[in-house]
1. If you add up the charges near residue A:315, with Lys and Arg at +1 and Asp and Glu at -1, over every other residue whose beta carbon is less than 11 angstrom from its beta carbon, what do you get?
2. log₁₀ I(q)/I(0) of segment B:115-265 at q = 0.12, 0.18, 0.21 Å⁻¹, via Debye over equal Cα point scatterers, no solvent, to two decimals?
3. Mind checking which lysines have their C-alpha under 23 Å from residue B:256, skipping anything on the same chain fewer than 8 residues away?
4. Across peptide A:66-75, what mean number of C-beta atoms from other chains lies inside 10 Å of a residue's C-beta?
5. Per residue of segment A:397-403, what does 6.51 cos²θ - 1.76 cosθ + 1.60 with θ = phi - 60° give for ³J(HN,Hα)? Whole Hz please, x for Gly and Pro, Karplus curve as stated.
6. Taking the Cα centre of the protein assembly as shown as the origin and placing charges on Cβ (Lys, Arg +1; Asp, Glu -1), which of A:70, B:224, B:169 is farthest toward the positive end of the dipole?
7. Explain nothing, just compute: Karplus ³J(HN,Hα) = 6.51 cos²θ - 1.76 cosθ + 1.60, θ = phi - 60°, for every residue of segment A:278-288 in order, whole Hz, x for Gly and Pro.
8. Nearest 500 deg cm²/dmol is fine: what mean residue ellipticity at 222 nm does the protein assembly as shown get from its DSSP H runs of n ≥ 4 alone, each adding -39,500 (n - 2.57), divided by its residue count?
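Every read-out reported here was derived from the displayed coordinates using simple, explicitly stated rules and does not represent laboratory data. Every value quoted in this text rests on a predicted model; they were computed, and no experiment measured them. Using ideal geometry, Cβ is built from the backbone for each residue, glycine included, and neighbour counts are taken over all protein chains shown.
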Amino acid sequence: MSELLIRNGFVFDPLQGIKGDRMDIGVKDGKIVETSALASPKTIDAAGMTVMAGGVDIHSHVVGPKVNVGRLFRPEDKLFKSPLKRCSRMEMGFSVPSTFKTGYDYARMGYVFVNEAAMPPLHSPHVHEEIRDTPIIDNAAMPVFGNNWFTLEYLKNNEIENNAAYTAWLLRATRGFGIKVVNPGGSEAWGWGLNCVNIHDPVPYFDITPAEIVKGLIETNEHLGLPHSVHLHANNLGNPGNYVDTLESLKLAEGYAPKNDFGREQVLHLTHLQFHSYGGDSWGNFESRSKDVMDYVNTHDNITVDMGQVTLDETTTMTADGPFEHHLCSLNHLKWANVDVELETAAGVVPYIYSPKIKVCTIQWAVGLEIALYAKDPMRTFVTTDHPNAGPFTRYPQVIAWLMSRAARDATMKTFKWLDKTIDATSIDSIDRELGLYEIAQMTRAGPAKALGVTNTYGGLAPGMDADIAVYALNPEDMPSDPAAIEKAFARCALLVKDGIVTVQNGEVVAEPAKRTVWVDVKVPENAQVQRDIYEHFLRHYSVKLDNYSLFEEHLHNPRVIEVDATE
Amino acid sequence: MKTVTLTLTNPSELLLEGQNITPDNFAGKKAAEIAALDVWEGKQKSPLGKYFTVEGDGGATAAETKIVLRGDCTRVKRIGQQMTAGEIVIDGNADMYIGGWMKGGKIHVKGNVDSFCGIGMEGGELIVDGNAGSHLGSSPRGEWRGMKGGLIRVAGDVGNDTATFINGGTIVIGGDADIHVSTHGEGGIVVVKGNAKGRVGGQMVKGDIYVYGTIENPLPGFSMVGEVEQEVDGETARFAHYIGDLGERHPTSKGKTVYANIYTRI
């Protein structure tokens with residue numbers, strides 16, 4: 001019986017529409033309760049401070065084989081950047097931190113749930129082993145489907161029900177959370193040294209287009225009624241002029257309505273939109289087209305997006321978009337790691353330096369912020385850095401400061417070598433909008449939780465939800481004029497309660513409550529054909545036996561199962 | 001300039017991590033304060049004074065501080081790591097990482113050093129009267145931005161992987177070099193006054209290597225373009241001039257392709 005009473009804070013809970021009211025929050029046995037239900041709680045004074053639900057990250061590469069490749073092939077990322085032991089385990093690395101540092105740093109920022117953005121199904125045991133080793137934060141992981149041979153074959157024949165049965169099987173086999181699509185068709189084409197550069201470019205051999213893959217997966221997702229929607233990393237990432245492809249990808253969601261029991265209202269989440277909102281036809285006339293893309297997003301309710309904000313750091317890019325990483329390596333000539341995952345996906349890793357001295361990088365910086373600042377509905381636009389691709393997640397506080405303060409943006413822009421050209425190629429200088437704490441709460445917890453379909457447990461402070469509460473030393477009635485103070489407050493929360501346990505105090509980790517693995521178990525009708533297909537593919541094509549493929553129970557750490565019944 | 005003399009009177013059982021032995025850390029400190037600085041033996045942290053007797057106070061700044069190490073420092077690592085100014089004299093041998101990431105000042109080792117000395121160097125001077133181990137003036141593991149500046153001078157022989165990813169600065173080796181010299185080099189000068197074993201200049205795109213003796217196994221990626229007379233380290237001699245590594249991508253400057261150069265003495 002542990003009870004807490006967090007008193008007198010300014011509470012921001014967009015899920016309940018609470019906009020900075022002075023309230024008390026009661027905690028009993030790891031859940032939020034009405035304060036009247038408390039008998040003799042330990043009282044924590046939050047007067048003059050901001051109280052929000054624990055943060056929810058919808059897209060971050062924190063666990064799994066490609067993250068580990070990044071750790072292995074970038075020892076220089078750890079050099080002189082490994083603070084001496086502060087918590088119970090070793091913290092090291094900057095752009096690809098150790099599992100322990102990942103957990104502690106998220107907790108210090110007041111985050112409690114992180115969705116791993118891409119899990120190669122064959123390597124799901126590795127993903128789950130790293131989830132176990134990442135302390136404090138709850139994790140989910142999305143297996144990648146967009147280049148999977150089963151998916152490509154079923155969708156080519158328009159067999160949505162079979163694809164749904166296979167999807168349900170794979171989610172169970174990998175203990176996955178939802179449908180991730182990375183460069184649909186393109187990573188498979190990479191096996192032939194090719195790519196799918198637009199959504200109508202057919203995949204070699206399979207003769208299906210990326211557009212058909214995405215539409216088929218949206219239908220599959222809504223057929224199953226999963227908590228999260230299709231989570232798309234669109235084709236032609238990172239190239240000048242790709243906003244045209246992005247708009248075409250977004251239009252694929254037209255005509256589809258969400259069907260689920262989890263309060264999710266979108267059918268398509270387009271991730272790291274910053275990398276997909278470029279105009280021009282070369283690096284010379286590279287420009288922002290965020291306005292065009294956000295005009296579309298703002299007028300279509302069945303879409304959510306996240307930023308993928310460039311933070312102007314030296315970082316490590318890693319994605320299942322194999323051809324893109326090769327392309328990037330040929331641009332910056334640094335080291336490159338590449339992997340093909342049989343029948344399923346590919347991956348690449350390349351270090352990248354986003355420099356304020358390079359025009360393209362500073363334009364990218366502006367594009368990300370424009371996306372968030374043009375957003376009409378902060379419940380559908382989320383803060384991410386596509387960690388570690390556009391920058392490490394530890395820069396979220398800085399991203400929040402940029403969003404909340406024009407002065408913070410101006411101060412950063414002063415460091416740009418090509419400031420005038422950056423201003424000409426973007427509209428960042430004409431935007432005066434400064435977001436408030438309520439909008440930040442929407443973009444960092446309520447919104448992502450709703451898009452992930454987990455608002456019964458995460459992202460809010462209503463009685464019955466998990467007692468995940470972050471308190472920041474910011475007084476909404478007396479906000480600091482110095483944006484550095486905002487950044488500091490969000491970087492080291494004054495208090496984090498996770499599952500009712502005081503986990504962070506004054507920015508220091510003081511406890512490590514049990515973390516969870518969140519996964520989705522879908523019941524589907526028995527499907528003999530899909531079972532036979534799976535058996536046949538493993539017999540003929542996989543290098544592992546079917547019996548050894550599915551995750552063994554011992555790999556799964558402290559599961560929280562979300563059950564979905566799709567048998568009707 | 002004030003001199004601090006450290007005498008190793010109580011040698012450690014394990015290797016000693018001495019990254020705090022720099023003029024930067026000693027500056028402005030009295031002898032007793034210097035003796036209280038941390039060193040690590042394995043994972044155990046102890047004060048410097050446990051192993052060394054400390055005589056003399058540090059100068060006001062690093063530039064005004066000279067450190068003299070006496071006794072057998074064969075198993076003391078990281079002396080002068082990241083130093084920016086001042087002077088260190090090591091009376092005998094020293095272990096690995098001597099002068100690693102140094103930015104300025106001078107280190108003079110009167111004996112031999114082990115591997116990784118002068119790694120990631122940006123400036124200053126590292127003088128070794130004896131031999132050096134492997135990875136002399138090389139880039140740290142994984143790092144593609146190697147030695148940026150400064151001077152390393154080794155009177156004797158060196159091990160393998162000298163000057164990997166060298167970007168600037170000069171390394172002069174009095175004796176022989178083992179395999180891999182200036183691998184991935186993008187600038188700087190390496191002079192081998194003895195013989196080189198092989199794989200000299202592999203994947204090098206820019207910079208110069210001089211070999212006075214012979215290269216036992218020259219790389220096929222280098223092509224001879226002529227003979228030149230050059231002044232190297234104060235003396236003039238004739239060299240056969242090779243360019244390469246022709247298998248690599250090379251930068252262009254003023255419309256001309258830039259190659260790495262290997263000069264072997266005729």
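1. Working: positive: A:74, A:395; negative: A:77, A:313, A:314, A:386.
Here the count lands on -2.
2. Values returned for q = 0.12, 0.18, 0.21 Å⁻¹ are -0.42, -0.98, -1.35.
3. B:206
4. On the way: counts 0, 0, 0, 0, 0, 0, 1, 1, 3, 4.
For this peptide, the per-residue mean of nearby foreign Cβ atoms is 1.
5. Per-residue couplings from phi come out as x, 5, 4, 4, 4, 4, 6 Hz.
6. So the residue we want is B:169.
7. Residue by residue, segment A:278-288 yields 9, x, x, 10, 7, 5, x, 10, 3, 8, 7 Hz.
8. Here the helix-only value at 222 nm equals -6500 deg cm²/dmol.
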